[in-house]
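Let me begin by presenting the structure, written as structure tokens, before commenting on it.
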Number of protein chains: 2
Amino acid sequence: MSPTPARIIAVDTHDIRFPTSRELDGSDAMNPDPDYSAAYVVLRTDAADGHEGHGFAFTIGRGNEVQVAAIDALRGHLIDRSVDDLCADPSTLNRDLIGDSQLRWLGPEKGVMHMAIGAVVNAVWDLAGKRAGLPLWRLLAEAEPEWLVRQVDFRYLTDALTPEEALTLLRHGRQGAEQRTARLLERGYPAYTTSPGWLGYDDDKLTRLAARAVADGFRQIKLKVGADLDDDIRRCRVARSVIGPDVRMAVDANQRWDVEEAIRWTKALAEFDPYWIEEPTSPDDILGHAAIRRAVAPVKVATGEHVHNRIVFKQLLQAGALDVVQIDAARVGGVPENLAILLLAAKFGVPVCPHAGGVGLCELVQHLSMFDYVAVAGTTEDRVIEYVDHLHAHFLDPVVISEGHYTAPTAPGFSAAMRPESLARYTYPGGEFWAADLDKQKKGRAA
Amino acid sequence: MSPTPARIIAVDTHDIRFPTSRELDGSDAMNPDPDYSAAYVVLRTDAADGHEGHGFAFTIGRGNEVQVAAIDALRGHLIDRSVDDLCADPSTLNRDLIGDSQLRWLGPEKGVMHMAIGAVVNAVWDLAGKRAGLPLWRLLAEAEPEWLVRQVDFRYLTDALTPEEALTLLRHGRQGAEQRTARLLERGYPAYTTSPGWLGYDDDKLTRLAARAVADGFRQIKLKVGADLDDDIRRCRVARSVIGPDVRMAVDANQRWDVEEAIRWTKALAEFDPYWIEEPTSPDDILGHAAIRRAVAPVKVATGEHVHNRIVFKQLLQAGALDVVQIDAARVGGVPENLAILLLAAKFGVPVCPHAGGVGLCELVQHLSMFDYVAVAGTTEDRVIEYVDHLHAHFLDPVVISEGHYTAPTAPGFSAAMRPESLARYTYPGGEFWAADLDKQKKGRAA
């Protein structure tokens with residue numbers, strides 16, 4: 001037995017980049033050539049159990065080093081903290097990080113600095129899950145409502161959601177939770193797939209992948225749109241003819257349009273019965289989304305992967321700007337801010353269908369939706385988690401998709417840990433892959 | 001004569017920090033101990049004229065190294081660019097920076113990455129002013145309206161302001177511009193001062209500085225509020241009794257409140273006739289500001305120093321959430337985004353009263369307000385630039401305040417350049433000041 005309580009003794013950061021741009025995986029109207037990347041953080045402790053907390057911010061390549069620098073800037077808030085205290089009440093760390101007034105100036109609560117806080121906070125929740133021996137969704141679903149409410153930062157939310165209202169929602173959510181847990185473990189959580197619809201894929205690949213999606217049991221697919229209207233009309237026609245009238249087809253413009261253009265373009269695609277239009281315009285444009293939603297109904301409006309915090313989600317809901325809330329596990333300030341967003345969505349009665357894909361976003365966000373099902377929303381009706389079949393092999397506890405459903409994870413933690421050999425190989429610029437690649441580029445230039 | 005066109009050959013960055021927290025200068029309810037800092041950038045060229053472009057992002061201490069890393073990430077977009085092309089049409093650089101999809105993911109258009117773009121873009125405008133031999137306000141005021149409109153990025157704005165409307169505003173703004181330039185050179189631009197009202201100052205210091213502000217010719221002062229209501233009532237009473245009924249007194253809560261608290265607190269201060277309540281809540285809360293404004297009238301609502309881009313300003317104006325638009329020269333994407341915001345404010349008929357202070361914010365933003373007066377708004381009625389008397393001595397072309405007015409700068413450029421000896425002394429952590437200070441701290445700990 002250790003004579004002193006366990007402490008955080010190291011905050012290791014890694015700049016991890018995958019060369020996804022070479023296959024046009026992940027290509028859309030705004031992001032033609034992403035190199036899916038992670039600013040990755042490992043919290044190490046001196047506890048005898050050897051558990052680590054893993055977390056990351058997701059980026060798409062250049063600038064990942066800035067994201068790593070932002071995580072490094074938080075180190076002083078973590079080193080020497082008691083692991084027991086941290087896991088018993090992670091909100092104490094949140095308050096310190098969000099409340100660091102000098103760092104706050106760099107946001108506030110947005111962009112690089114906020115994503116860094118999210119990475120570190122998520123790493124603490126990963127550690128808390130491992131120490132409790134529970135997958136995160138289950139740790140959350142079995143927590144006392146009073147404790148969960150204490151984890152949430154209600155600052156700037158109380159005109160829409162008070163702690164008392166949140167407590168009522170969570171207490172109500174406990175009714176039938178055990179049956180839902182059993183059902184979740186048996187059937188999993190419904191997924192939809194974006195894999196067929198990347199903008200860089202030709203019609204043959206779209207046809208092949210859309211047919212496979214339906215065969216694999218998915219009841220919703222998604223197509224990227226927004227670069228060229230004639231192409232979009234053709235691709236939507238192809239996809240709809242492959243999947244038939246009953247499988248849902250969402251379309252995603254990745255912020256390409258101004259408000260009026262979004263309305264015009266979405267209406268031009270209406271004949272193919274799109275289920276939702278995702279990110280029709282800037283994620284900052286609350287009033288714009290509200291205007292678009294009024295104009296394009298019954299096509300639903302979805303956004304959230306770039307919504308930077310709970311305050312913007314609050315207003316999207318207050319303004320009636322959304323039919324679908326798309327949380328992202330690694331954009332906002334981590335688990336507690338996503339708890340706030342789930343509770344806001346429940347209060348306003350809007351379903352949550354998370355954004356995922358990238359590096360490890362599926363692994364993380366499944367826990368939040370499963371908690372939402374078991375202990376908040378109480379249903380999976382009209383709810384689906386995005387699924388993209390990229391890069392899962394790099395994770396120690398990768399998502400498992402079966403008949404169009406995410407299988408509930410049972411390993412303790414947040415499923416955030418990448419394989420050590422992947423971390424080593426894809427570290428930028430010194431890892432084996434990049435060292436060889438950059439060397440080849442150099443020789444190519446010299447020749 | 002140079003045989004090849006001049007190019008950008010270096011992008012030098014500096015982490016500059018001033019130990020302002022030791023005097024409680026700049027203390028407010030949200031920021032108790034800022035160390036005013038700058039992530040500073042110098043663009044060097046191989047032109048024979050020797051001109052450099054200087055720019056910076058303003059931070060308040062910790063994390064300034066992250067801001068510097070973000071500017072470093074932009075270097076590849078600058079090196080080898082033609083100086084003539086860049087100065088003839090700076091918008092080409094803007095489009096490349098804002099349009100870098102991988103870097104865009106880190107915002108989009110917000111936080112650390114967006115401030116880095118602002119620093120670099122402002123440095124280009126500084127260079128353009130020097131090469132034209134004109135102070136920036138004058139370069140802008142004398143530019144062709146068509147050229148100015150081309151500098152603005154209208155993406156996500158066209159539902160509120162089209163390029164055609166902007167052109168009409170700018171053409172209209174030319175009428176009488178020469179007379180206004182003459183008047184500006186003669187009288188300057190009205191200022192207000194925040195120097196008396198920092199939260200860390202006691203009543204004696206408040207009394208003394210408020211009396212001096214009136215004696216110095218200021219017609220508006222500002223008090224920080226929001227930490228303790230009884231203190232605020234006492235301090236407002238003291239200040240109002242010193243300045244009398246005719247000098248305006250603004251109050252500034254620096255985002256401390258939720259919506260309902262903001263309304264309650266502002267009403268409790270109403271007896272002291274505050275002119276505006278500044279940053280009553282989160283800068284992201286457009287609908288919250290609108291609700292507060294409806295409730296606290298006739299007290300005006302002001303915000304902007306933390307508003308991260310033109311899209312949020314657009315909505316604040318669309319929602320009727322503001323009486324006063326507070327641009328900041330170093331928060332958004334530089335001069336062109338501030339042109340968009342000035343034009344939006346003009347379209348909606350809302351006066352612009354910039355945020356300033358910090359490190360060099362007065363030096364920069366005076367140019368934007370002077371351009372606004374000469375060529376857009378056409379008036380200084382109900383318009384004042386914030387003035388704080390900190391750190392000006394570190395600048396080569398510091399602001400000159402005379403009888404409560406900013407004197408129009410006449411030196412070419414954007415007044416952004418810091419003295420080389422200040423850059424050297426306050427570089428963190430290696431500069432002379434910090435090296436000695438950190439050494440002293442180390443010895444203190446060892447003793």
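The values are calculated or read from the model by the stated rules, or taken from the named source; none is laboratory data. Note that this is a predicted model, so its numbers are computed, not measured. Glycine gets a Cβ as well: all are built from the backbone with ideal geometry, and neighbour counts include every protein chain shown. Quick note on the areas: whole protein, heavy atoms, side chains included, nothing else; ligands and nucleic acids left out. Shrake-Rupley method; radii C 1.70, N 1.55, O 1.52, S 1.80 Å.
If I filter the range A:179-194 for residues that are modelled with pLDDT under 95 and either away from chain B (no Cβ under 14 Å) or more than 28 Å from A:GLY349 (Cα to Cα) (or both), do I get at least one hit? Explain how you work it out, then say what you get.
Quick first cut of the range A:179-194, residues modelled with pLDDT under 95 only: A:194.
Next, from what is left, pick out any that are either away from chain B (no Cβ under 14 Å) or more than 28 Å from A:GLY349 (Cα to Cα) (or both): A:194.
Yes, the range A:179-194 contains a residue that is modelled with pLDDT under 95 and either away from chain B (no Cβ under 14 Å) or more than 28 Å from A:GLY349 (Cα to Cα) (or both).
Tell me which residues, restricted to the range A:412-432, are assigned to a helix (DSSP H, G or I), open to solvent by less than 40 Å² (accessible area, probe 1.4 Å) and out of contact with any strand residue (DSSP E or B) (no Cβ under 7 Å at 6 or more places or on another chain).
Here is the first cut: in the range A:412-432, the residues assigned to a helix (DSSP H, G or I) are A:420-426, A:432.
Applying the additional criterion that residues be open to solvent by less than 40 Å² (accessible area, probe 1.4 Å) yields A:422-423, A:426.
If the condition is that a residue be assigned to a helix (DSSP H, G or I), open to solvent by less than 40 Å² (accessible area, probe 1.4 Å) and out of contact with any strand residue (DSSP E or B) (no Cβ under 7 Å at 6 or more places or on another chain), then A:SER422 is the only one that fits.
Looking at the range A:36-81 only, could you name the residues that are open to solvent by 30 Å² or more (accessible area, probe 1.4 Å) and facing chain B (nearest Cβ under 9 Å)? Steps first, please.
The first filter runs over the range A:36-81 and keeps only residues open to solvent by 30 Å² or more (accessible area, probe 1.4 Å), leaving A:44, A:46, A:48-52, A:62, A:65, A:72, A:75-77, A:79-81.
Within the range A:36-81, A:ARG62, A:GLU65, A:ASP72, A:GLY76 qualify.
For A:ARG22, are the conditions met, namely being surrounded by fewer than 17 Cβ atoms within 10 Å (Cβ to Cβ) and in contact (Cβ under 8 Å) with a residue 12 or more places away in the chain?
Numbers: surrounded by fewer than 17 Cβ atoms within 10 Å (Cβ to Cβ): yes; in contact (Cβ under 8 Å) with a residue 12 or more places away in the chain: no.
Criteria not met by A:ARG22.
Taking the range A:235-265 as the region of interest, how many residues are touching a Leu at 6+ places or on another chain (Cβ under 9 Å), open to solvent by 20 Å² or more (accessible area, probe 1.4 Å) and closer than 20 Å to A:ARG219 by Cβ?
Residues in the range A:235-265 being touching a Leu at 6+ places or on another chain (Cβ under 9 Å), open to solvent by 20 Å² or more (accessible area, probe 1.4 Å) and closer than 20 Å to A:ARG219 by Cβ: 2 in total.
Would you be able to tell me the number of residues in the range A:300-312 that are more than 7 Å from chain B (Cβ to nearest Cβ), surrounded by 22 or more Cβ atoms within 10 Å (Cβ to Cβ) and without any contact (Cβ under 8 Å) to a residue 60 or more places away in the chain?
Residues that pass the stated criteria total 6.
Give the range A:346-362 a look and list any residue that's on the phi < 0 side of the Ramachandran plot and either crowded, with 24+ Cβ neighbours inside 10 Å or among the basic types (Lys, Arg) (or both), or say none. Quick ask: steps written out before the conclusion?
Filtering the range A:346-362 down to residues on the phi < 0 side of the Ramachandran plot leaves A:346-348, A:350-356, A:359, A:361-362.
Those that are on the phi < 0 side of the Ramachandran plot and either crowded, with 24+ Cβ neighbours inside 10 Å or among the basic types (Lys, Arg) (or both): A:LYS347, A:VAL352, A:CYS353, A:PRO354, A:HIS355, A:ALA356, A:VAL359, A:LEU361, A:CYS362.
Which of the numbered conditions does B:THR181 fail, given that it passes all the others? Conditions: (1) of a type in the set (S, T, N, Q); (2) closer than 25 Å to B:ILE385 by Cβ; (3) not assigned by the TED database to the domain that holds B:LEU339.
(3)
So B:ALA160 passes all but one of these: (1) open to solvent by less than 10 Å² (accessible area, probe 1.4 Å); (2) out of contact with any Lys or Arg (no Cβ under 6 Å at 6 or more places or on another chain); (3) part of a loop (DSSP other than H, G, I, E, B). Which condition number does it fail?
For B:ALA160, the failing item is (2).
Assess whether B:PRO409 counts as being over 21 Å from B:ASP252 (Cα atoms), out of contact with any strand residue (DSSP E or B) (no Cβ under 7 Å at 6 or more places or on another chain) and at pLDDT 95 or above. Quick ask: steps written out before the conclusion?
On the way: over 21 Å from B:ASP252 (Cα atoms): yes; out of contact with any strand residue (DSSP E or B) (no Cβ under 7 Å at 6 or more places or on another chain): no; at pLDDT 95 or above: yes.
So B:PRO409 fails the test.
Limited to the range B:266-279, what total is found for residues that are touching a residue at least 12 places away in the same chain (Cβ under 8 Å) and either surrounded by fewer than 22 Cβ atoms within 10 Å (Cβ to Cβ) or not assigned by the TED database to the domain that holds B:ALA302 (or both)? It would help to see each step written out before you state the result.
Step one: filter the range B:266-279 for residues touching a residue at least 12 places away in the same chain (Cβ under 8 Å), giving B:266-270, B:272-279.
Remaining after also requiring either surrounded by fewer than 22 Cβ atoms within 10 Å (Cβ to Cβ) or not assigned by the TED database to the domain that holds B:ALA302 (or both): B:267-268, B:270, B:272-273.
Qualifying residue count, the range B:266-279: 5.
Looking at (1) outside any loop (DSSP other than H, G, I, E, B); (2) touching a residue at least 40 places away in the same chain (Cβ under 8 Å); (3) within 14 Å of another protein chain (Cβ to nearest Cβ); (4) surrounded by fewer than 24 Cβ atoms within 10 Å (Cβ to Cβ), can you tell me which one B:PHE154 breaks?
Here B:PHE154 meets the rest and fails (1).
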